[in-house]
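Down below is the structure, laid out as structure tokens.
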Amino acid sequence: MPTITVLPHPEWCKEGASFEAQPGESLLDALLAHGVNVEHACEKACACTTCHVIVRQGFDSLDDPSEKEEDMLDRAWGLTATSRLSCQMRVGTDSLEIELPRYTINHAKEK
């Protein structure tokens, strides 16, 4: 099984994380199942960009994003060439290293 490594993030994953995920599982589901509480305001409908991640290693092993995902990514804060929506991408057979962007479109939220 591939290993998912999450780089440290000051709010969502302070220590970073590393865990194994099932190939074919959505990255967002894998993150949530392992205690990485990534925002997902649209409930995985590909209608927002709050689950945006940056794939630092393993990007080439992923399936191409759909046109709908690409359109949504254009709205993401801090977009990079290796940005994906974690609700739309499926874990492949290669390990991944991901970064959670410091901000999302919902950067201001109630506490």
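The values are calculated or read from the model by the stated rules, or taken from the named source; none is laboratory data. Note that this is a predicted model, so its numbers are computed, not measured. Every residue, glycine as well, gets a Cβ built from its backbone with ideal geometry; the counts of neighbours run over all protein chains shown. Quick note on the areas: whole protein, heavy atoms, side chains included, nothing else; ligands and nucleic acids left out. Shrake-Rupley method; radii C 1.70, N 1.55, O 1.52, S 1.80 Å.
Things to note:
- The chain: calculated mean residue ellipticity at 222 nm from DSSP helix runs of at least 4, using -39500 (n - 2.57): -3000 deg cm²/dmol
- Taking a point 7 Å from the Cα of TYR103 along the Cα-to-Cβ direction, the residues of the range 69-89 with backbone N closer than 19 Å to it are 73-81, 83-84.
- For the chain, leaving out every one of the GluC sites (Glu not before Pro) that falls in a DSSP loop and has at most 12 other Cβ atoms within 10 Å, the longest unbroken run is 44-109.
- Carbon plus sulfur fraction of accessible area for the chain, probe 1.4 Å, in percent: 45 percent
- For trypsin sites (Lys or Arg not before Pro), the sites in the range 29-84 that DSSP calls loop and that have at most 12 other Cβ atoms within 10 Å are ARG75.
- For the chain: rounded, prolate or oblate by the Cα gyration tensor [a/c cutoff 1.5]: oblate
- Alpha-carbon centroids, the range 16-55 and the range 56-78: separation in whole Å: 13 Å
- With protein chains left intact and a 1.4 Å probe, residues in the chain average 56 Å² of accessible area per residue.
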